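A short write-up of the structure that comes next.
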Amino acid sequence: MVNLMSTPSSKISLLSVENYDRLKRRQESNHKAVWNLLDAVKDPEIPPLSIWDLGVLQDITQQQAVITVTITPTYSGCPAMQVIAEDITTVLQRAGYSNFRIATRLSPAWTTDWLSESARNRLRQYGVTPPQEEDAIFCPQCSSTEVRLISEFGSTACKALYQCKTCQEPFDYFKRI
Amino acid sequence: MLIDKSQLKIFVLRLADDALVIAHRLSEWCSHGPSLEEDLALTNVALDYMGRARMFYGYAAEIAGDGSTEDTYAYDRDCRDFTNLLIHELPRGDFAFTMARQYLVDEFNLAYMELLQQSKDPTLAAIATKANKEGLYHLRRSRKWLLRLGDGTAESHNRLQQAMEDIWGYTTELFEMDELEQAIVEAGIGVNAIHLHPQWKQRVTATLTEATITVPSSDWAVTGGRKGIHTEALGHILSDMQFLQRAYPGQQW
Ligand SMILES: [Zn+2]
C-alpha cells in the first residue's frame with residue numbers, strides 16, 4: 001500500500017490534491033478492510049496494477065447498511081470498467097458482503113498523475129513505459145530514449161505503441177492523460 | 001435565464017446521438033483497417049465516442065426519470081427521433097474519407113468540449129473534461145493522417161481532396177444554433193457553436209494548406225440533423241444497430 005510518508009520528499013510536490021485527498025480517505029476510513037480487500041481487484045488489461053494503484057478506486061462510504069464503492073472511469077469507453085465492476089462485486093460477495101453498490105464519479109476526471117511511484121515501477125517491470133513528459137519516453141527494456149511513435153493508439157485506448165531505435169523492440173507506452 | 005428539464009434532455013440527446021453515430025461509423029472499420037495499428041486506433045477512437053455516448057445517454061435518462069435507460073435511446077428510437085448532425089452519419093467511404101471527416105469533427109469537438117467544461121451543469125462539465133483529454137489524442141492522430149495522405153502519393157492526395165469536397169457542405173451544420181441551443185447557452189449550460197467557427201476555419205485551413213489540399217468552396221450546405229431530418233445513411237445504420245433489439249425486445253447479453 002502507498003504510504004504518503006514514505007514518498008521521497010522530492011516527489012511530494014507531484015502528488016495532486018485529488019490524490020492526496022484519496023489517500024486521506026483511505027487512511028482515515030472506517031472501512032479499511034474493504035479498501036484492503038479491493039486491492040485484489042486488478043486492471044484486467046494491466047494485471048500488475050490494482051484499481052487503487054490506478055486511481056480508479058476513489059472512495060468507500062456507508063449509509064445505513066449500504067456500502068458504496070465509488071470508482072472513476074479511466075477512458076470513456078474503456079471496456080475494462082465493466083470487468084472491474086464485476087470483479088469488485090465478486091471480491092466483496094466472496095468476503096461475505098451483500099449490501100453494497102458501485103457508484104461512478106466522473107469529476108474530477110481521471111488522470112495518470114494519480115499513479116503512484118510504486119505503480120509506475122511495476123508498470124515498467126511489466127514491460128510498459130509509465131506516463132512521462134513526451135521527450136522523456138524511454139524503452140522499458142534498455143532504457144534508451146531513442147524511440148519512435150508507431151501508433152497513437154496501442155493494444156488498448158490507454159496505451160500508445162512505440163519502437164526502441166536502440167534495441168529495436170516495440171513497446172507499449174501508458175499515455176499521459 | 002432558466003431552462004426546463006425537457007429542454008436539457010433534448011440538448012443532451014443531441015450530444016449523445018452525435019457520439020453514438022460517429023462511434024458506429026468508426027467501429028465499421030474493425031478488422032478492415034489498412035493495417036493492424038490503424039485498425040486498433042480506429043476502434044479505440046470508436047470506443048471513446050461510444051463511452052461518451054453512454055455517459056450522455058445515461059444522463060439524459062437520469063434527467064427524464066421515466067424509466068428510460070441508455071439502451072432505450074439507442075435502440076428504441078427511429079430515424080426522425082435521432083438528432084445527430086449529419087456529418088457523423090455519412091457512410092465511412094474509403095480511408096481518406098473516414099480520416100477527413102474525423103479530422104474536421106475532431107477539430108470541432110475539441111474546441112466545443114473545451115468550452116463545455118465551463119458548463120454550469122456539473123455532469124456535462126465532467127463529461128466534457130473527459131472528452132477533452134481524449135480528444136487531444138484523436139486530433140493529433142487525425143491531423144497527422146491528413147498531412148500524410150494529402151502530401152503523400154497522387155492517389156492519396158486525390159482521394160483526400162475528393163473526400164473534402166464531398167464532406168465540406170456538411171460542416172456548415174456544425175455551427176448552426178437554434179432557439180433551444182440559444183436558450184441553453186443563455187442558461188450558462190451550452191456552447192455557442194457560431195463562435196467556434198472562425199478558429200475552426202483557421203485551423204482547418206492551416207492543416208489543409210500544409211497537406212497541399214485545396215480548401216473546398218462553401219457553395220453548398222446540407223442541414224437538418226437537429227430537426228431529425230436525415231440522409232438516407234442513418235436508416236441503414238439503425239437497421240444494423242437496432243436489429244437485435246427490434247427482433248428480440250429487451251434481450252440482454
Ligand atoms: Zn530498447
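The values are calculated or read from the model by the stated rules, or taken from the named source; none is laboratory data. Source: prediction; values computed, not measured. Please note: Cβ atoms are built from the backbone with ideal geometry, for glycine as well, and neighbour counts cover all protein chains shown. Heads up: the accessible areas ignore ligands, DNA and RNA and are worked out on the full protein's heavy atoms, side chains in. Shrake-Rupley method; radii C 1.70, N 1.55, O 1.52, S 1.80 Å.
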### Query
Somewhere in segment A:77-90, is a residue outside the structural domain of A:Glu18 (by TED's automatic domain parsing), more than 15 Å from the ligand (Cβ to nearest atom), in contact (Cβ under 8 Å) with a residue 24 or more places away in the chain and not small (Gly, Ala, Ser)?
no
### Query
If B:Thr129 satisfies every condition in (1) surrounded by fewer than 24 Cβ atoms within 10 Å (Cβ to Cβ); (2) closer than 22 Å to B:Gln199 by Cβ; (3) more than 14 Å from chain A (Cβ to nearest Cβ) but one, which is the exception?
(3)
### Task
Only residues that are at pLDDT 90 or above and more than 16 Å from the ligand (Cβ to nearest atom): list them for segment A:152-175, please.
A:Lys159, A:Phe174, A:Lys175
### Task
Could you tell me whether B:Ala60 is at pLDDT 95 or above, within 14 Å of chain A (Cβ to nearest Cβ) and outside any loop (DSSP other than H, G, I, E, B)?
no
### Query
Taking A:Glu86, is it within 25 Å of A:Tyr162 (Cα to Cα) and either open to solvent by 10 Å² or more (accessible area, probe 1.4 Å) or modelled with pLDDT under 90 (or both)?
no
### Message
Just checking, does segment A:14-33 include any residue being assigned to a helix (DSSP H, G or I), open to solvent by less than 30 Å² (accessible area, probe 1.4 Å) and polar (S, T, N, Q)?
### Response
yes
### Query
Residues of segment A:68-83 being closer than 25 Å to A:Val17 by Cα, of a type in the set (Val, Ile, Thr) and surrounded by 15 or more Cβ atoms within 10 Å (Cβ to Cβ), which ones?
A:Val69, A:Thr70, A:Ile71, A:Thr72, A:Thr74
### Task
Name the single residue, out of those in segment A:162-177 being without any contact (Cβ under 8 Å) to a residue 60 or more places away in the chain and crowded, with 20+ Cβ neighbours inside 10 Å, that is farthest from the other protein chains (Cβ to nearest Cβ).
A:Cys164
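To keep it simple, each residue is scored yes or no on (1) within 16 Å of the ligand (Cβ to nearest atom); (2) outside any loop (DSSP other than H, G, I, E, B).
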{"position": "A:Gly96", "(1), (2)": "no, no"}
{"position": "A:Pro108", "(1), (2)": "no, no"}
{"position": "A:Asp113", "(1), (2)": "no, yes"}
{"position": "A:Arg122", "(1), (2)": "no, yes"}
{"position": "A:Gln125", "(1), (2)": "yes, yes"}
{"position": "A:Pro131", "(1), (2)": "no, no"}
{"position": "A:Phe138", "(1), (2)": "yes, no"}
{"position": "A:Cys142", "(1), (2)": "yes, no"}
### Query
Can you name the condition, by its number, that A:Asn99 falls short on among (1) loosely packed, with under 15 Cβ neighbours inside 10 Å; (2) not assigned by TED's automatic domain parsing to the domain that holds A:Gln63?
(2)
### Task
Taking B:Ala154 as meeting all but one of (1) free of Cβ contacts under 8 Å to residues at least 60 places away in the same chain; (2) small (Gly, Ala, Ser); (3) open to solvent by less than 60 Å² (accessible area, probe 1.4 Å), write down the number of the exception.
(3)
